[in-house]
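A short worksheet on the structure shown next.
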Amino acid sequence: MPRLSIRSLKKMYVTLIVGAVSGLVSIGVHAADESKQLLVGGTGSALCTMQKLADGFEKANPEIQVKVLQSLGSGGGIKALMAGRLTVSVSSRPLTESEILNGLLSQEIARTPFVFAVHSKTPASNMTLGQVAAMYAGKTKTWSDGTTVRPVLRPISDIDTDTVRKMSAELDQAIQSAHQREGKNIAITDTDAADELERIPGSIGTSALALIACEERRVKVLKVNGIEPNKLNLVNIQYPHMKSIYLIVNKNAPSIAQKFVKYINSTAGSKIIMSNGNLASASSK
């Protein structure tokens with residue numbers, strides 16, 4: 001059997017996800033409107049925060065049920081929304097021109113530090129970007145305790161990969177080199193990556209502080225060049241690496257979706273966003 005490219009695997013993944021959402025949710029969007037149910041899905045970086053927002057929204061609007069699905073990834077969530085299988089999607093990337101032309105609207109609702117994280121028992125707490133690059137490139141093969149360095153990569157076209165490559169020319173080359181190696185470990189979604197970082201001794205990879213904090217993940221977040229990736233350092237630009245979270249709806253979104261968006265933009269919604277490792281976007285500009 002011929003080996004599938006990462007692009008082919010991602011297409012298969014999105015197809016399976018949309019099919020899975022269709023199977024899990026036996027009602028369509030119109031039926032969801034009638035039963036006052038909101039279906040939310042997308043990037044794993046935001047799902048825990050979205051669940052907290054959903055809980056708050058339901059308390060304020062007990063007649064409406066919000067169901068937050070398991071991680072579909074940014075692209076998977078957008079495709080599921082366009083297919084009518086979601087009411088609201090969340091993404092860690094902005095919409096493409098094609099998606100906008102297909103009637104989607106987006107709004108940045110949060111920003112969170114974009115971090116390098118390692119297995120909880122890894123004997124490291126601070127690294128330079130050069131040291132990280134050496135690990136991705138395979139030049140540094142072990143940690144100080146002799147544990148093998150095991151990079152957890154994201155797909156080459158993923159927003160996380162693009163973010164790392166833009167940090168430095170050295171990291172750009174290191175990521176390309178890592179993707180060319182046999183036996184590489186590629187995590188398709190943010191949730192997959194966090195699972196791998198928790199599971200694999202010696203692992204190193206990228207994540208979002210919001211995901212780690214809100215889900216209480218058993219991983220260690222690294223300082224970069226001595227700077228801790230927290231909300232304060234994101235605001236004062238001492239820590240410059242961040243990830244945006246976008247809320248996405250159809251331009252003809254049902255009234256319950258519009259009500260949910262209004263709640264997310266409210267003071268109550270902003271407090272929930274801020275208490276889970278994020279900056280509410282109004283505070284980040």
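The values are calculated or read from the model by the stated rules, or taken from the named source; none is laboratory data. Every value quoted in this text rests on a predicted model; they were computed, and no experiment measured them. Don't worry about glycine lacking a Cβ; one is built from the backbone with ideal geometry, like all the others, and counts go over all protein chains shown. Heavy atoms of the whole protein, side chains included, go into the accessibility calculation; ligands, DNA and RNA do not. Shrake-Rupley method; radii C 1.70, N 1.55, O 1.52, S 1.80 Å.
So here's what we get for this one:
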quantity: The range 231-285 - percent of accessible surface contributed by carbon and sulfur, probe 1.4 Å; calculated: 56
quantity: Across Lys121/Lys243; Lys36/Lys243; Lys141/Lys220, pairs whose alpha-carbon gap is larger than 22 Å; calculated: Lys121/Lys243; Lys36/Lys243
quantity: Dipole of the chain [Lys/Arg +1, Asp/Glu -1 at C-beta], most positive-end residue of Ser275, Val164, Ala187; calculated: Val164
quantity: Inter-probe distance in nm under a simple model that places probes 7 Å from Cα toward Cβ, at Lys141 and Asp162; calculated: 3.5
quantity: Spatial separation of Cα centroids for the range 108-170 and the range 173-242, in angstrom; calculated: 6
quantity: Heavy-atom surface of the chain, accessible at 1.4 Å and reported per residue (Å²); calculated: 47
quantity: The range 75-91 - phi-based ³J(HN,Hα) in whole Hz, Karplus 6.51/-1.76/1.60, Gly and Pro as x; calculated: x, x, x, 5, 5, 5, 5, 5, 7, x, 9, 10, 8, 9, 10, 10, 9
quantity: Per DSSP, loop GluC sites (Glu not before Pro) in the range 55-139 with at most 14 further Cβ within 10 Å; calculated: Glu63
quantity: Sulfur and carbon atoms: percent of accessible area, the range 70-191 [1.4 Å]; calculated: 47
quantity: Estimated FRET transfer efficiency when R0 is 45 angstrom, pair Asn61-Ile227 (beta carbons, to 0.05); calculated: 0.65
quantity: The range 165-246, relative contact order in percent, only Cα pairs under 8 angstrom and at least six apart counted; calculated: 14
